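Asker: I have a structure I would like to understand better, so I am pasting it below and will then ask my questions one at a time.
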Amino acid sequence: MNRNYINPPHLSNEKSLKTLVENRTVYNLNHCELNLFETYKASELVPLKFNDLVVTSMLRGKKVMHLFDDPGFEYLPGETVVIPSNVEMKIDFPEATKNNPTQCLALAIDQQKIAQTLDFLNERYPKEGNKQFWHLDYQNYYFYNNVELASTINKLIKECMSTSLTKDVLADLTLQELLIRIIQTQTTKSIDDGLYANPNSPITQVLEYIRLNLRENISLKNLSDISCMSTTSFYRFFKRELGMSPIEFVINEKMRCAKKLLKNPSIQINEVCHLSGFEDSNYFIRLFKKHEGITPKQYQLLYVN
C-alpha cells in the first residue's frame, strides 16, 4: 500500500530555535496538544515520553524509532506511530543536518476524550458479533497512512494552528474522526499482515472468501450473502470496520497479489494481470499506476535490480 503524505507546516525560523535536537513548538487545545518537533543535528537515543496517548506522524526526513522491546525501525514521511501514555520512545536521527532536518508531529490526546469517544462509538455504532468493541490496538502501533487518515491529520493540524474562536469545537469533532480512522487503519493492517483471525466477527468468512476467489467476479451480493446480512447492512458494516468499501478492499487485495507476483522477474505482465483477477491488462496497468505511482513493469524492475 502506498504511503499518503501529510502536508508539513513551515519549518521554524532559525532565530526561534531553542535547540538543534527536537526543537519543540506547541499548540494547546482543550482536549489535545499538537507538538511539532524539528531536529537539525545527527543524534542517537534521544528520549521522549508523554503523559497521554500520542499519535505521531513523520513529516520530513528520517528517524529510527526504538519502542518497547521491539527492534528499532526506520520511520519515514507517510507513516504513523501510536504510542500509549507514559511509554518512553528513544529516537535516532542518523541523517539530520541543518540542510536536511527532520520534522515530526506528536499529537497528545486527553485520555478522557478517548474514553468518551470509544464509549460513544460502542453505544451508538456497536460492532457486529459477540464481544466486539471499538478499541485501540496498542500491539498494532506502526502503519502507513491511507488517504483518509492523512486527510484527517491534515485537518487536525489546521484546526490546532488556527486562531479561530471555534477551533476547539472543530478540533474535538476531528479528534473523534481521527480515532475512528486509526482503528480502521489498524484493522486493515492486521488483515494485511495475516493477523486478523476473529471467529466472532462476520468479516472473517468474507475475508477468506475474497482471498480464495480473487480471480472470480466478486460482487457485493456474494459477500453480503456470506455474512448473512442484507446488502445495505453489509456495506455499512464493512465500511465502518475498515474505512473502505468491500469492492475497494477487493481491488486492494488484487493489487497485493499482483505485487507479490511481480517479484518474480520472469513472469509476464499479462500473466500477472490474469492471476491477480483482472480481465483487461490496460485497465490493470492504469489501476496499478494509480495505486503505486509506477507501472507494473517498473515495479518488477525494482526487484530485478
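Asker: Go through (1) more than 30 Å from E292 (Cβ to Cβ); (2) outside the structural domain of E79 (by TED's automatic domain parsing); (3) not aliphatic (A, V, I, L, M) for N213 and report which single condition fails.
Answerer: The one condition N213 does not meet is (1).
Asker: Hey, another quick one. Can you tell which of T166, T117, T97 is among the β-branched types (V, I, T) and touching a Phe, Trp or Tyr at 6+ places or on another chain (Cβ under 7 Å)?
Answerer: After ruling out the rest, the residue left standing is T97.
Asker: Can you give me the ranges of the helices (runs of 4 or more DSSP H) entirely in the stretch 193-305 with at least 1 residues that are of a type in the set (S, T, Y)?
Answerer: Fully inside the stretch 193-305 and qualifying: 203-212, 220-227, 231-242, 281-292, 296-304.
Asker: Now, a different point. Name the residue, out of Y138, Y144, Y125, that is crowded, with 18+ Cβ neighbours inside 10 Å and either out of contact with any helix residue (DSSP H, G or I) (no Cβ under 8 Å at 6 or more places or on another chain) or not aliphatic (A, V, I, L, M) (or both).
Answerer: Answer to the selection: Y144.
Asker: Please indicate, with yes or no, whether at least one residue in the stretch 80-98 is touching a Leu at 6+ places or on another chain (Cβ under 6 Å) and basic (K, R).
Answerer: yes
Asker: If you take just the strands (runs of 3 or more DSSP E) that sit entirely in the stretch 30-141, which of them hold at least 2 residues that are of a type in the set (A, V, I, L, M)?
Answerer: Filter on the stretch 30-141 gives 32-39, 43-48, 53-60, 63-66, 79-83, 89-93, 102-109.
Asker: Using the structure shown, decide if A171 is of a type in the set (G, A, S), closer than 27 Å to T117 by Cα and modelled with pLDDT of 90 or more.
Answerer: So A171 fits the description; yes.
Asker: Could you check the stretch 192-206 and list, in sequence order, the residues that are surrounded by 20 or more Cβ atoms within 10 Å (Cβ to Cβ) and at pLDDT 80 or above?
Answerer: I203, V206
The values are calculated or read from the model by the stated rules, or taken from the named source; none is laboratory data. These numbers come from a predicted model, not from an experiment. Note that each Cβ is placed from the backbone with ideal geometry, even for glycine, and that neighbours are counted across all protein chains shown.
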